[in-house]
Amino acid sequence: MAGRTKQRVFEILEEGAAGDSASHFVDRMLALLVILNVGSVVLETVPAYGERYRQAFLVIELVSLFVFTVEYVLRLWTADQHGALRHLPSWLARLRYMAYPAAIVDLLAILPLYALLFFETTDLRALLLFRLVRFLKLARFSPGLASLGNAVISERRALVGSLIIIMGVVLTSATVLYIAERTIQPEAFGSIPAAMWWAIATLTTVGYGDVVPVTTFGKVVAGIVMLTGYAMFALPIGIVATAFAREIHQRDFVVTWGMVARVPLFASMSAAEIAEVMKLLRAQRVEKGAIISRAGEDAHSMYFIASGRVRVELPNQTFELSDGAFFGEIAVLKRTARSAHMTALSICNLLALDAADLHVLMDRNPTIGAHIRKVVRERIGEEIVTPGGDLTEEEIRAARKASDDPDD
Ligand SMILES: Nc1ncnc2c1ncn2[C@@H]1O[C@@H]2COP(=O)(O)O[C@H]2[C@H]1O
């Protein structure tokens, strides 16, 4: 029972499946609270509001402290449900989870408030910068932000490379301008660090105009630096933009004709039939270690593996399925609970087919219907199919037990 509660809390907080309205609601509420917080931090600094609404700002802060603390404690409690941490003892899973960047941000989002209580001050402005860390919590609720983070991390080497090039150009241009202008404008170009201010303002095309070269040589160098600036900064921007586009594309990958045609089950279909099937399939990207479905759960769809590997854990056997295979069809066809745990062993691109659409597909295409039924027969065996066509009570009980037992 406790295991089921923990699993549900985890699903609501961390792993909202498509269509899980409780999970989406909690995500939205938490994101709203973060936005309210950031808004109040910013408005507090406006003198006209800071004093007048002091009490209201304090209430927002204290409510946030309560909600974010409960959120953090629950995330810590359910840490051992994460795909990558499930094999660890609960205490170790929690310790490892605490080192996740998102968990660190969650902790930093509540710590300053405890400092506030501890130091018995009501001047929230003292903790201004710390409180704005909460803004980072939004990354958890925005897949786009997470993709941007992934893009920067995956291109870190190229970005460090372009940063070194930029630093080299800043240093060279500042040194040349120092040589050219130091005697004429000692206050602006009297040292290399001083000249670097001019170099950075010029290279970034900001051009404050507070410091300008006056010698002909200085002006020629400045012209070159201005032109180089565009090229220099286009480099990291291009790197991040390309990686970001790639990340987004991988996340919401499009179901293509080739992808469907590669699934052996559909290989014999005509192009027109494949085009029809494509309309029924939904693309779903699953991270490595994520649980796709649990034994004993209600089933709403079956899946085809476009790419990746999936582990199917039956109560007494474990199978591995890969590209082109399908799974999750038994519960959908028999209208029973899932008979196995299904976990992604690698990043998986799945094609999900809703229960109603599976029946449409099988009715429309008897060959596919017969093939799926044949695979089901091979998988579960004739002997455990009751005359009514349902899985035996014994198998369902075994599946439910398997989902209750693990690591409470
Ligand atoms: N013996 C088996 N071999 C391979 N896959 C299986 C086997 N038994 C069950 N499965 C798959 O595991 C899935 C678990 O969820 P379902 O019961 O919906 O559908 C099941 C099948 O797709």
How far, in nm, would the chain grow between Trp91 and Ala56 when pulled straight, counting 0.36 nm per residue and subtracting the alpha carbon separation?
-> 8.7 nm
Value at 222 nm in deg cm²/dmol, rounded to 500, when DSSP H runs of n ≥ 4 in the chain each add -39,500 (n - 2.57) = -19500 deg cm²/dmol
All other residues with a Cβ under 14 Å from the Cβ of His359 taken together, and with Lys, Arg as +1 and Asp, Glu as -1, what is their net charge?
-> 0
Ranked order, His300, His359, His341 - accessible area, probe 1.4 Å, largest first = His300, His359, His341
Quick tally, 1.4 Å probe accessible area for Phe68, Phe25, Phe244, sorted with the most first, runs Phe25, Phe244, Phe68
In nm, to one decimal, how far is the modelled label at Ala370 from the one at Phe319, with both set 7 Å along Cα→Cβ?
-> 2.1
Computed FRET efficiency, Cβ-Cβ of Leu235 and Ala283, R0 41 Å: what is it to the nearest 0.05?
-> 0.80
Any lysines with Cα under 27 Å of the Lys279 Cα? List them, leaving off those in the same chain fewer than 8 positions away.
-> Lys288, Lys334, Lys374
Taking 7 Å along the Cα-to-C-beta vector as the label spot, tell me the Arg262-Leu43 distance in nanometres, rounded to one decimal.
-> 5.1
Expressed as a whole number of Å, what is the distance separating the alpha-carbon centroids of region 28-71 and region 213-236?
-> 45
Tell me, what is the FRET efficiency for Phe217 and Val160 to the nearest 0.05, using R0 = 35 angstrom and their Cβ-Cβ distance as r?
-> 0.60
Phi to ³J(HN,Hα) by Karplus 6.51 cos²θ - 1.76 cosθ + 1.60 over region 349-363, Hz, x for Gly, Pro = 9, 10, 10, 8, 10, 5, 3, 4, 5, 5, 5, 4, 4, 5, 5
Under the definition of Cα pairs under 8 Å and six or more residues apart, what whole-number percent is the relative contact order of the chain?
-> 13
Determine the share of the chain's accessible area contributed by carbon and sulfur atoms, expressed in whole percent, with a 1.4 angstrom probe.
-> 66
Note down the net charge around Lys137, summing +1 for each Lys or Arg and -1 for each Asp or Glu among other residues with Cβ under 12 Å from its Cβ.
-> +1
Cα gyration tensor of the chain, axes a ≥ b ≥ c as square roots of the eigenvalues: rounded (a/c below 1.5), prolate (a/b > b/c) or oblate?
-> oblate
Distance in nm between Asp210 and Leu107 label points, each 7 Å along Cα→Cβ, equals 3.9
Accessible area per residue, 1.4 Å probe, Å², for the chain: what's the number?
-> 54
Kindly express, to the nearest 10 degrees and within the range 0 to 90, the angle between helix 366-380's C-alpha long axis and the longest C-alpha principal axis of the chain.
-> 80
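The values are calculated or read from the model by the stated rules, or taken from the named source; none is laboratory data. None of these values were measured; they are calculated from a predicted model. Neighbour counts run over all protein chains shown; Cβ positions are idealised from the backbone, glycine included. Side chains are part of the model used for accessible areas, which takes the heavy atoms of the whole protein and leaves out ligands, DNA and RNA. Shrake-Rupley method; radii C 1.70, N 1.55, O 1.52, S 1.80 Å.
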